[in-house]
Amino acid sequence: MGMPGLGRVFLATCVGSFFVLVLYFQSITKPVALHSAIGDSRLGKSRRNPLQTLYSGDQHAELSAAQRSLRGRRELLEEACLSQTRKRRVLSPDDLRHLIVDDKHSLIYCYVPKVACTNWKRVLMVLTGDGRHSDPLAIPANEAHVAGNLRTLSEFPVAEINQRLRSYLKFVFVREPFERLVSAYRNKFTRSYNTAFHKRYGTKIIRRHRADPRPEALQKGDDVSFQEFVRYLVDPRTQREEPLNEHWERVHSLCHPCLIHYDVVGKYETLEPDARAVLALAGAEGLVRFPTSGKSTRTDGDMAARFFKNISPFYQKKLFNLYRMDFLLFNYSTPEYLRTR
Ligand SMILES: *[C@@H]1O[C@H](CO)[C@@H](O)[C@H](O)[C@H]1NC(C)=O
């Protein structure tokens with residue numbers, strides 16, 4: 001009863017702030033109108049906003065195949081969101097920790113681990129830097145992941161978050177969900193140097209999902225099988241205790257693609273042209289080149305198929321349900337190798 005008045009004012013301020021956030025998410029149903037509205041003010045010239053060119057309805061003839069496919073993807077995402085999500089949730093700034101901001105080029109990138117995110121972070125360090133870096137690949141991978149080298153949207157006050165969400169080019173890169181999952185498993189559990197993951201997750205997975213574990217395995221957690229990893233993922237306790245680690249958390253939960261209206265959904269399977277398209281839209285193609293690594297990003301369906309061979313149909317089905325939204329929202333078809341029917 002000390003200071004009810006002050007308490008109420010404070011509460012009202014908080015509620016008001018979140019309300020702004022809700023308004024933003026509910027108001028955007030027509031991205032074309034939105035982007036034509038901000039086109040000129042953003043560039044300060046009467047130049048056509050590249051996004052306007054990409055998404056305005058009367059430009060069909062001029063659209064390149066690449067632009068058409070980006071647009072198709074976004075429309076599919078929007079429709080899938082409408083049919084899949086019933087309830088609207090309010091985002092809090094904490095939900096925006098994966099959204100990296102480039103104020104210089106009005107860009108927002110939602111990073112998804114195991115989908116070329118190191119290279120995107122490097123590119124964004126070049127773009128946001130003061131000219132210290134010019135070659136993305138000259139930036140060591142670990143430096144790209146240092147928190148604080150790049151700003152995230154969650155660091156800004158709510159009004160500034162909304163302003164950026166409204167006017168910036170927002171993009172995300174996704175990958176076939178099980179390819180990504182197998183990549184995360186191989187990287188975190190089959191490499192001897194990843195001792196932090198072995199200790200943090202491996203020991204727990206072995207304790208819970210292995211009958212008669214050796215004391216050494218319990219202590220080191222360095223020999224988790226894919227089967228055990230899958231059991232851990234679908235165990236109800238796992239998500240009750242804490243959010244999934246970002247390396248295997250679903251894009252749907254990391255980037256909120258039904259609440260944040262991404263302008264471009266890039267795919268790992270078409271990384272190079274999609275990355276070029278994003279940089280062109282940002283007007284940054286002359287500033288930096290997206291690193292083209294030697295290794296192919298083509299989907300190696302055989303790899304995932306090999307890992308899933310030892311997973312029973314029961315667990316395959318549970319796992320598919322866990323990642324179902326990522327399959328649906330990003331138009332990935334159910335893998336042929338699954339035995340869930
Ligand atoms: C969705 O996937 C199917 C099958 O791979 C493909 O033919 C279609 O073009 C895709 N749709 C969009 C909008 O990308």
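Yes or no: segment 290-298 includes at least one residue that is without any contact (Cβ under 8 Å) to a residue 12 or more places away in the chain, open to solvent by 10 Å² or more (accessible area, probe 1.4 Å) and within 16 Å of the ligand (Cβ to nearest atom).
Our first condition is that a residue be without any contact (Cβ under 8 Å) to a residue 12 or more places away in the chain; within segment 290-298, this holds for 294-296.
After this cut, where a residue has to be open to solvent by 10 Å² or more (accessible area, probe 1.4 Å) as well, the list is 294-296.
This time we only want the ones that are within 16 Å of the ligand (Cβ to nearest atom), so: none.
No: zero hits.
Looking at (1) over 24 Å from R208 (Cα atoms); (2) out of contact with any His (no Cβ under 8 Å at 6 or more places or on another chain); (3) modelled with pLDDT of 95 or more; (4) assigned to a helix (DSSP H, G or I), find the lone condition where N331 falls short.
(4)
Quick check on this structure: which one of R164, R132 is of a type in the set (K, R), touching a strand residue (DSSP E or B) at 6+ places or on another chain (Cβ under 8 Å) and under 26 Å from E285 (Cα atoms)?
None of the others qualify; the one that does is R164.
If you take the residues in segment 216-266 that are touching an Asp or Glu at 6+ places or on another chain (Cβ under 7 Å) and in a loop (DSSP other than H, G, I, E, B), which one is farthest from R186 (Cα to Cα)?
Ranking the candidates gives H256 first.
Condition check: part of a helix (DSSP H, G or I), within 15 Å of R73 (Cβ to Cβ) and among the charged types (D, E, K, R). Does D274 satisfy that?
When the stated conditions are applied, D274 passes them.
Restricting the first residue to segment 69-89 and requiring it to be touching a residue at least 12 places away in the same chain (Cβ under 8 Å) and within 8 Å of the ligand (Cβ to nearest atom), which pairs with a second residue that is open to solvent by less than 40 Å² (accessible area, probe 1.4 Å) and not hydroxyl-bearing (S, T, Y) meet a Cβ separation below 8 Å and a spacing of at least six or different chains?
That search, which allows pairs on different chains as well, returns R73/V265; R73/K267; R73/F330.
Please go through segment 120-149 and give me each residue that is under 19 Å from R97 (Cα atoms), surrounded by 21 or more Cβ atoms within 10 Å (Cβ to Cβ) and not β-branched (V, I, T), ordered by number.
W120, K121, R122, L124, M125
The values are calculated or read from the model by the stated rules, or taken from the named source; none is laboratory data. The model shown is predicted, which means the values in this text are computed figures rather than measured ones. Glycine also receives a Cβ, built like all others from the backbone with ideal geometry; neighbour counts cover every protein chain displayed. Accessible surface areas use protein heavy atoms only, side chains included; no ligands, DNA or RNA. Shrake-Rupley method; radii C 1.70, N 1.55, O 1.52, S 1.80 Å.
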